[in-house]
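A quick write-up on the structure given underneath.
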Amino acid sequence: MQAQSASQQAEIVANILQRQRRDPARLVQVLREIDEVLGELTPEVLAMVGEQLKRPFAEVAGVAGFYHFLELEQRARYRIFWSDNIIEQMQGSTELREEMCRLLWIEPGRASEDGLVKVGLTSCIGMGDQGPALLVNGRTVTRMTRARVAAMVELIRGGALVGNWPEEWFAVADNIRRRDILLGRSYKAGAAIAAALARGPAAMLGEIQSARLRGRGGAGFSTAQKWQACRDAPGDVRYVVCNADEGEPGTFKDRVLLSAYADLVFEGMCIAGLCIGARQGLLYLRGEYRYLLEALEANLARRRAAGLLGRDILGAAGYDFDIEIHLGAGAYVCGEESALLESLAGKRGVPRNRPPFPVTHGYLDCPTAVNNAETLAAACLIAENGGVCYAAIGTEMSTGSKLLSVSGDCARPGIYEYPFGVTVAQVLADAGANDTQAVQVSGPSGVCVAPEEFGRRLAFEDLPSAGAFMVFGASRDMFEVARNFAHFFAHESCGFCTPCRVGTALVKNLMDKINAGHGSPADINELFKLQRLMESTAHCGLGHSACNPVADTLKKFRPAYQRRLHSTEFEPAFDLDYALSQARQMTGRDDAGAHLANES
Amino acid sequence: MSDVFLLDGEQVPFTVGQTVMAAARAAGRYIPHLCWHPEFQPHGSCRLCTVKADGHFAAACTLAARPGMTVDNRTAELDDQRRTLLQMLFVEGNHFCPSCEKSGACKLQATAYELKMMTPHFDHFFPDRAVDASHPDLLLDFNRCILCELCVRASRDADGKNVFAITGRGIKSHLIVNSPSGRLADTAMSLADRAASVCPVGVILAKGRGFVIPIGERRYDRQQIGAAEEQ
Ligand SMILES: Cc1cc2nc3c(=O)[nH]c(=O)nc-3n(C[C@H](O)[C@H](O)[C@H](O)COP(=O)(O)O)c2cc1C
Ligand code: SF4
Ligand code: SF4
């Protein structure tokens, strides 16, 4: 990533545009690749891209400015993002990051004067089972320690290419701790596709129906209903989209599916394609999982060579289906299906107004089935063994199994596959968690569960979960957990609608104020009021659930807030003396005359 | 027989495919809003038009009217939420109404009066936003932008110019113009564009035209926005 001359830059940009077929819908891919090579996106480069793709400059700049990983301001040869997950904070990530900044003589979030290095934060990168983790120039490093920080600083100072850094730093373990019907089964290439083909599209859809398969991305929508609606929607071209954005903090099961069971996900996409009549599949892989890209592309190439992808799959005339991978660039909201479709089309990841729904107007306004990677993998099981067999596992309302990403205070973090209906207590016992104070089920957008609720079951009818299972031991501060989540939502709000754009920022500020010891009961009321407002007026699910963690912890762990309050009397939000603190700092005064007594 | 739904207990006729907002407007009924404009595609971002339709919250500007639907609009609960949304918009930007050329004709200010917003309530964010005075005929004061994207839609859909776009994300979202220099003078914008006159607040202003209508006699000085729009 050396500084390039203008003509070199132009050549690099031209090559990337060519590879992306000058397709305006591939704008995010184009920008991501240019950013990866050049290390930044200058106005000149954005203008060049706009000109060639025939999209206005402002639109291109607007898209670039949306994604966290695209660099518009301060170029640095080494770009480091520490994962800001609360679990990794508990593993010491904050201290390690501060140490790294100290050793490099830099301020957090600002590039060094010489443009060598920048150390910042990013939302959870899906490595909670092996943190603290970070991204360096897009590559994942796990298990950070003080020794690794020191060694990394030396390599950066010496200008060593990231590709030459110690290989073991980049190792990502699968950590599969419990296997059930999905992970425990033996895989034979093409078997699931062959089974689906033998059944035929309509009968295969019937099996999905009798399996009562529900989406694993969180909402639990009926997969058969979605596929049927997509199949019935008018239009000639249809798409299957695999949602592998996995942005919910504490979730990493799709990471493991894509590293150890990618074949299942791809075959699931083929089966979906068969059922709905699509010839093209798109897999949206979160930018944080960039390190998986080469292996996934190689897998697709192998599948094409083996006749499991492409034209006339398994020799069935007219059964054509291929898969393309798109990478995200750091935006949690792009996991929301309509925002994902916008991002796939090269736009800002802003959720759409609905209706129309993706099943009729999805990718490029064509009928599209968007499914979580795990949902698609489950379709393989159903193709092979039939729906009735599948429905026999789990509970009445939640059939089959669920992958959980367990992290936090437990002896054995990792992936656990259970039939639906397992209790929180059972998972805790299996993971070796003792003296647990709380479990955050399904990440910040989910539910915070206290010990008296550990008998509850993980299932759509009780505790629905997209897969995160974050364990907090007795010594943890649940206020700090909620404050971390408040920062997460403020960072990830897309900014489209007023209640979420401003509300997440206000909640974050209020939590910081309480943390600094300046809160009062008035602020607690304010938090509840903001929660109600965002729940009822926000445009999408992110805004609706953004205050859940604060409201949950306020209800279940009130003392964690109470002991921080400046006064437990009802007091207005404005602290006169605190407001003067900046003036005191500027004038260097701290005498009695520079203070105002708060009337109380 | 045309279909009807109930808006605060009164019948409002609508045609198939019409939104609750469009039907209410056609019937001379006011649902508070900022980002909606009859000439452009609904956007759904300001959320001021959030109503309760058959018990569920929804934005009236994107909600398709259904026969027999019961819609609550000016209830205490909903207006209270709207007041909070307005306060959010005020503290998010820098709004000094007394010195703003748009005062009295500004939809944000007028809606705040309509909903009896007495204070900004929240701490101000005081964002650092520059003014763009590069264009010979137009001034952009980004301090007042409420991100309604009416200028984005007008420039794209009416003028065919794409002069405006939003960049950034979350609370850092902001408006930009279509030139690598970042200056309005370097775009195709002209005073005659629809986008030049569509801004509901005082961001996009014609230069050299101060106080043509004196304060006190402007549109919403004469009549509250609710009454002004109910005709
Ligand atoms: C803010 C937000 C983020 C989401 N993130 C994801 C995600 O990372 N992965 C996912 O599969 N679904 C995610 N979803 C749910 C998707 O919108 C959608 O329901 C899902 O992909 C459908 O697939 P399924 O039916 O197989 O679950 C998210 C939803 C919201 C509101
Ligand atoms: S709720 Fe938040 S994330 Fe969703 S559209 Fe509104 S601002 Fe964007
Ligand atoms: S400049 Fe005016 S019209 Fe454009 S987004 Fe801002 S407030 Fe809306």
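Overview of results
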read-out: Matching residues, segment A:304-348, being hydroxyl-bearing (Ser, Thr, Tyr), open to solvent by 10 Å² or more (accessible area, probe 1.4 Å) and in a helix (DSSP H, G or I); value: A:Tyr332
read-out: From B:Ser197, B:Ser155, residue being within 29 Å of A:Val49 (Cα to Cα) and not assigned by TED's automatic domain parsing to the domain that holds B:Cys46; value: B:Ser155
read-out: Some residue of segment A:476-488 being surrounded by 20 or more Cβ atoms within 10 Å (Cβ to Cβ), within 15 Å of ligand 1 (Cβ to nearest atom), over 29 Å from A:Thr395 (Cβ atoms) and modelled with pLDDT of 95 or more; value: yes
read-out: Hits in segment B:57-90 (condition: farther than 25 Å from A:Leu506 by Cβ and facing another protein chain (nearest Cβ under 10 Å)); value: B:Leu63, B:Ala64
read-out: Filtered residue count, segment A:55-68, keeping only those that are open to solvent by 20 Å² or more (accessible area, probe 1.4 Å) and either out of contact with any strand residue (DSSP E or B) (no Cβ under 8 Å at 6 or more places or on another chain) or aliphatic (A, V, I, L, M) (or both); value: 2
read-out: A:Cys547 touching a residue at least 24 places away in the same chain (Cβ under 8 Å) and within 16 Å of ligand 3 (Cβ to nearest atom); value: no
read-out: Test for A:Arg55: is it part of a helix (DSSP H, G or I), within 20 Å of A:Ala345 (Cβ to Cβ) and in contact (Cβ under 8 Å) with a residue 24 or more places away in the chain; value: no
read-out: Qualifying residue in segment A:225-233 (condition: within 16 Å of ligand 1 (Cβ to nearest atom), within 14 Å of chain B (Cβ to nearest Cβ) and either closer than 21 Å to A:Ile313 by Cα or touching a helix residue (DSSP H, G or I) at 6+ places or on another chain (Cβ under 9 Å) (or both)); value: no
read-out: Odd one out for A:His539 among (1) away from ligand 1 (no atom under 16 Å from the Cβ); (2) of a type outside the set (Asp, Glu); (3) assigned to a loop (DSSP other than H, G, I, E, B); (4) modelled with pLDDT of 95 or more; value: (1)
read-out: Entirely in segment B:8-98, the strands (runs of 3 or more DSSP E) that have 3 or more residues that are on the phi < 0 side of the Ramachandran plot and open to solvent by 50 Å² or more (accessible area, probe 1.4 Å); value: B:10-14
read-out: Filter result for the condition that a residue is more than 9 Å from every other protein chain (Cβ to nearest Cβ) and either surrounded by fewer than 24 Cβ atoms within 10 Å (Cβ to Cβ) or in a helix (DSSP H, G or I) (or both), over A:Glu73, A:Glu44; value: A:Glu73
read-out: Those residues of segment A:108-144 which are of a type outside the set (A, V, I, L, M, F, W, C), surrounded by fewer than 22 Cβ atoms within 10 Å (Cβ to Cβ) and in a loop (DSSP other than H, G, I, E, B), in sequence order; value: A:Pro108, A:Gly109, A:Arg110, A:Ser112, A:Glu113, A:Asp114, A:Gly115, A:Asn137, A:Gly138, A:Thr142, A:Arg143
read-out: Some residue of segment A:101-108 being within 14 Å of another protein chain (Cβ to nearest Cβ) and basic (Lys, Arg); value: no
read-out: Residue pairs meeting the criteria (Cβ under 6 Å; at least 6 apart or on separate chains; first in the same structural domain as B:Leu7 (by TED's automatic domain parsing), in segment B:29-47; second open to solvent by less than 20 Å² (accessible area, probe 1.4 Å) and within 16 Å of ligand 1 (Cβ to nearest atom)); value: B:Ser45/A:Cys497; B:Arg47/A:Cys497; B:Arg47/A:Pro499; B:Arg47/A:Thr537
read-out: Members of segment B:126-143 that are touching a strand residue (DSSP E or B) at 6+ places or on another chain (Cβ under 6 Å), more than 14 Å from every other protein chain (Cβ to nearest Cβ) and acidic (Asp, Glu); value: B:Asp141
read-out: Selection from segment A:458-505 of residues that are within 16 Å of ligand 2 (Cβ to nearest atom) and touching a Phe, Trp or Tyr at 6+ places or on another chain (Cβ under 6 Å); value: A:Glu492, A:Thr504
read-out: Evaluation of A:Ser445 against (1) away from ligand 1 (no atom under 16 Å from the Cβ); (2) crowded, with 19+ Cβ neighbours inside 10 Å (one fails), failing number; value: (1)
read-out: Boolean, A:Gly362 is buried (at least 22 other Cβ atoms within 10 Å of the Cβ), closer than 30 Å to B:His43 by Cβ and not charged (D, E, K, R); value: yes
read-out: Options B:Ile176, B:Ile146: the member that is in a strand (DSSP E or B) and either β-branched (Val, Ile, Thr) or away from chain A (no Cβ under 14 Å) (or both); value: B:Ile176
read-out: Cβ-Cβ under 9 Å pairs, at least 6 apart or on other chains, segment A:410-433 side over 14 Å from A:Arg178 (Cα atoms), far side aromatic (Phe, Trp, Tyr); value: A:Thr423/A:Phe454; A:Val424/A:Phe454; A:Val424/A:Phe469; A:Ala425/A:Phe454
read-out: Matching option when the condition is away from chain A (no Cβ under 13 Å), out of contact with any Phe, Trp or Tyr (no Cβ under 8 Å at 6 or more places or on another chain) and either within 25 Å of A:Ala64 (Cβ to Cβ) or not small (Gly, Ala, Ser) (or both), among B:Ala165, B:Ala196, B:Ala185; value: B:Ala185
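Listed here are the residues, each with its yes/no results for (1) within 11 Å of ligand 1 (Cβ to nearest atom); (2) more than 17 Å from the chain's Cα centre (by Cα).
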| position | (1), (2) |
| --- | --- |
| A:Gly318 | no, yes |
| A:Tyr332 | yes, no |
| A:Gly335 | yes, no |
| A:Ala369 | yes, yes |
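The values are calculated or read from the model by the stated rules, or taken from the named source; none is laboratory data. Since the structure is predicted, the reported quantities are computational estimates derived from the model, not experimental observations. Every residue, glycine as well, gets a Cβ built from its backbone with ideal geometry; the counts of neighbours run over all protein chains shown. What goes into the accessible areas is simple: the full protein's heavy atoms, side chains included, and nothing from ligands, DNA or RNA. Shrake-Rupley method; radii C 1.70, N 1.55, O 1.52, S 1.80 Å.
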